[in-house]
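Please treat every number below as a calculation from the coordinates, not as lab data. If you're wondering where the values come from, they're calculated on a predicted model, not measured in any experiment. Methodologically, a virtual Cβ is constructed for each residue, glycine included, from the backbone with ideal geometry; neighbour enumeration extends over all protein chains shown.
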Amino acid sequence: METVENYRGTYKYWWIMLIIGILSILCGIWVFRNPVESYFALAVYFCIMFILFGIGEIVNAFSNQRVRNWGWGLAIGILDLIIGFILLANLEWAIDILPFAVGFILMFLGIDFIGWSTQMQTFRIPNWGWVLAGGILTLIFSFLIIFHPLFGVFNIIIWTGLAFIFGGISAVMFSFALRK
């Protein structure tokens, strides 16, 4: 039977989640302070992340050639790399699909926080409710981004900023719970 100490012991680098949370909160504040610049920055960031994920998948595929079906990871990596470079060369396309990309990324992040909160509750780690609330709010904001992207740049900026802030708060609370 696992104990709270065993659960926390697997997260000796709790401070990484704290840094991610703080950076996420700061990013959310920056989004509100610089709405036009942040929208274009998000589009460029989106393109760069596709490229970095592609490189990561390619490196992972080559380092795991003994694993069955490693070629699919290589193919996905190459596809991500190509999509990233195409979008970076055509930022108008990236700007158009940005609400959907951000919405889906935040949706998966919200689901992660909800899952982490249930694990925290199972191990009776305090503040699991804050992580759950942050995950639910991140999920709600992600759905608003996905299903209402036509409200314009203003809408994506507000929901993205709020999602970064609530996701950051959840990450900070999660890191404090792991630290104890």
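Given the Cα-Cα distance of Val67 and Asp96 and 0.36 nm per residue of separation, how much length would full extension add, in nm? Working shown, then result.
On the way: separation 29, 0.36 × 29 = 10.44 nm, distance 3.74 nm.
So the chain would gain 6.7 nm between Val67 and Asp96.
Give the shape of the chain as rounded, prolate or oblate, defined through the alpha-carbon gyration tensor: a ≥ b ≥ c are the square roots of its eigenvalues, a/c under 1.5 means rounded, and otherwise the shape is prolate if a/b is larger than b/c and oblate if not. The shape class here is oblate. The share of Cα pairs per 5 Å bin across the stretch 90-175, counted from zero up to the longest distance, runs 3, 18, 25, 19, 13, 10, 7, 3, 2, 0 percent. Each stretch of four or more DSSP H residues adds -39500 (n - 2.57); spread over every residue of the chain, this sum gives -30000 deg cm²/dmol at 222 nm.
If you run the Gaussian network model on the chain, springs between alpha carbon atoms under 10 Å, then out of Ala101, Ala89, Ala41 the most flexible one is Ala89. Our summary gives the chain a relative contact order of 35 percent, counting only alpha carbon pairs under 8 angstrom and 6 or more residues apart.
Each label was represented as a point 7 Å from its Cα along the Cα-to-Cβ direction; for Lys180 and Ala75 these points are 4.8 nm apart.
So what's the gap between the Cα centers of the stretch 69-109 and the stretch 10-33, to the nearest angstrom? So the separation of the two Cα centres works out to 23 Å. For a Förster distance of 41 Å, can you work out the FRET efficiency between the beta-carbons of Asn60 and Phe32, rounded to the nearest 0.05? In this case the efficiency is close to 0.70.
Listed values for the stretch 70-77 are Karplus-derived 3J(HN,Hα) couplings in whole Hz (6.51 cos²θ - 1.76 cosθ + 1.60, θ = phi - 60°), namely 5, x, 5, x, 5, 5, 5, x, and x replaces Gly and Pro.
If R₀ is 35 angstrom, what is the calculated FRET efficiency for the pair Ile86 and Arg124, using the beta carbon separation as r and rounding to 0.05? Computed FRET efficiency for Ile86 and Arg124 comes out at 0.10.
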